[in-house]
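Q: Okay, here's the structure, questions in a sec.
The values are calculated or read from the model by the stated rules, or taken from the named source; none is laboratory data. Since the model is a prediction, treat every value here as computed from it, not as a measurement. Note: ideal-geometry Cβ built from the backbone for every residue, glycine included; neighbour counts use all protein chains shown. The accessibility values were calculated without ligands, DNA or RNA, using every heavy atom of the protein model including side chains. Shrake-Rupley method; radii C 1.70, N 1.55, O 1.52, S 1.80 Å.
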Amino acid sequence: DYDPNQPRTPLQEMERELLLTLTQEEQMERWFEMWRNPAFQEVYEPGSVFKVVTAAAALEENLATPATKFYSTGTIDVAGTTIRSWRWYNPFGEQTFKEAVQNSDNPVFVQLAQQMGKETFYKHLFEAGITRPTGIDYPGEVSSFMYSLPQVGPVELATISFGQGISITPIQMMVSAVATINDGQVIQPRLVRELRDEKGELVKRVEPVVI
């Protein structure tokens with residue numbers, strides 16, 4: 001960590017002493033590593049939290065309602081590849097869509113992505129803000145690493161449905177997840193809601209921007 005008023009001085013004494021032994025180029029690398037904000041400058045594989053995006057897309061496409069019944073045997077074969085539920089050894093069997101979301105059952109989400117097809121599924125990923133930067137007011141935002149549409153085969157489509165095989169930023173995941181409980185509105189994230197002067201009087205309020 002560091003003090004923004006002294007951004008080149010690490011708070012830890014050991015780190016400060018280490019910097020003194022480095023070349024100028026090595027110091028620059030160390031500083032950039034220290035300043036990096038992982039919320040929008042690093043990507044990760046989201047995994048099961050991504051299922052809220054797939055679930056929202058399925059509801060939007062009328063492929064399921066919360067009460068729609070599914071039957072899970074614990075595994076599903078996709079183009080010769082076996083994809084398992086986390087509880088494949090004791091499958092959930094018959095369950096509603098709502099229960100499948102609660103159970104985080106991979107095979108159900110694979111079925112939904114298969115029914116949507118990759119073109120429709122990718123359209124929803126774009127609309128949810130997964131395939132492009134969020135536009136947050138901070139320098140250096142990176143975007144997701146996704147398969148291009150021609151690269152998406154049956155197995156890729158299946159694994160993306162439950163958040164594997166892709167890399168996104170935490171802020172992209174947050175923006176899309178919030179949209180699912182915000183009437184589907186994707187909001188541009190901002191670091192500051194309002195500015196106040198030394199007397200506490202409002203100077204400026206940043207109004208939400210719907211992407």
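Q: Here are ALA67, ALA100: which of them is more than 29 Å from ARG132 (Cα to Cα), among the small types (Gly, Ala, Ser), at pLDDT 90 or above and touching a helix residue (DSSP H, G or I) at 6+ places or on another chain (Cβ under 8 Å)?
A: Numbers: ALA100 fails: more than 29 Å from ARG132 (Cα to Cα).
Being more than 29 Å from ARG132 (Cα to Cα), among the small types (Gly, Ala, Ser), at pLDDT 90 or above and touching a helix residue (DSSP H, G or I) at 6+ places or on another chain (Cβ under 8 Å) holds for just one of ALA67, ALA100, which is ALA67.
Q: Okay, next question. For the range 10-44, name all the residues that are basic (Lys, Arg) and farther than 26 Å from SER176 by Cβ. Let's see the steps before the verdict.
A: Step one: of the range 10-44, the residues basic (Lys, Arg) are 16, 30, 36.
Hits for the range 10-44 are ARG16, ARG30.
Q: Please find, among VAL53, VAL49, VAL43, the residue that is touching a residue at least 24 places away in the same chain (Cβ under 8 Å) and either open to solvent by 70 Å² or more (accessible area, probe 1.4 Å) or over 30 Å from GLN111 (Cα atoms) (or both).
A: Numbers: VAL53 fails: either open to solvent by 70 Å² or more (accessible area, probe 1.4 Å) or over 30 Å from GLN111 (Cα atoms) (or both); VAL43 fails: either open to solvent by 70 Å² or more (accessible area, probe 1.4 Å) or over 30 Å from GLN111 (Cα atoms) (or both).
The unique qualifying residue is VAL49.
Q: If the requirement is being without any contact (Cβ under 8 Å) to a residue 12 or more places away in the chain, at negative phi and open to solvent by less than 70 Å² (accessible area, probe 1.4 Å), which of these qualifies: LEU63, LEU11, LEU19?
A: Working: LEU63 fails: without any contact (Cβ under 8 Å) to a residue 12 or more places away in the chain; LEU11 fails: open to solvent by less than 70 Å² (accessible area, probe 1.4 Å).
Unique residue meeting the criteria: LEU19.
Q: Sticking with this structure for a sec: When you go through GLY135, GLY200, GLY184 one by one, which is the residue that is at pLDDT below 95 and more than 22 Å from PRO38 (Cβ to Cβ)?
A: Values: GLY135 fails: more than 22 Å from PRO38 (Cβ to Cβ); GLY200 fails: at pLDDT below 95.
Of GLY135, GLY200, GLY184, the one residue that is at pLDDT below 95 and more than 22 Å from PRO38 (Cβ to Cβ) is GLY184.
Q: Right, something else. Within the range 66-104, which residues are farther than 24 Å from GLY117 by Cβ, hydrophobic (A, V, I, L, M, F, W, C) and open to solvent by less than 60 Å² (accessible area, probe 1.4 Å)?
A: Correct list: PHE92 only.
Q: Return the pair list, or none, for Cβ contacts closer than 8 Å from residues in the range 134-146 that are under 13 Å from GLU42 (Cβ atoms) to residues that are open to solvent by 40 Å² or more (accessible area, probe 1.4 Å) and outside any loop (DSSP other than H, G, I, E, B), at least 6 apart or on different chains.
A: GLY140/GLN41; GLU141/GLN41; VAL142/GLN41
Q: Let me ask another. Residues that are on the phi < 0 side of the Ramachandran plot and of a type in the set (Phe, Trp, Tyr): list the helices (runs of 4 or more DSSP H) wholly contained in the range 71-180 that include at least 2 such residues. Step through it out loud before you land on a result.
A: On the way: elements: 97-103, 106-116, 118-127, 154-161, 170-179.
The helices (runs of 4 or more DSSP H) meeting that bar are 118-127.
Q: Across the range 192-211, what is the number of residues that are in contact (Cβ under 8 Å) with a residue 40 or more places away in the chain and surrounded by 10 or more Cβ atoms within 10 Å (Cβ to Cβ)?
A: Final tally of qualifying residues: 1.
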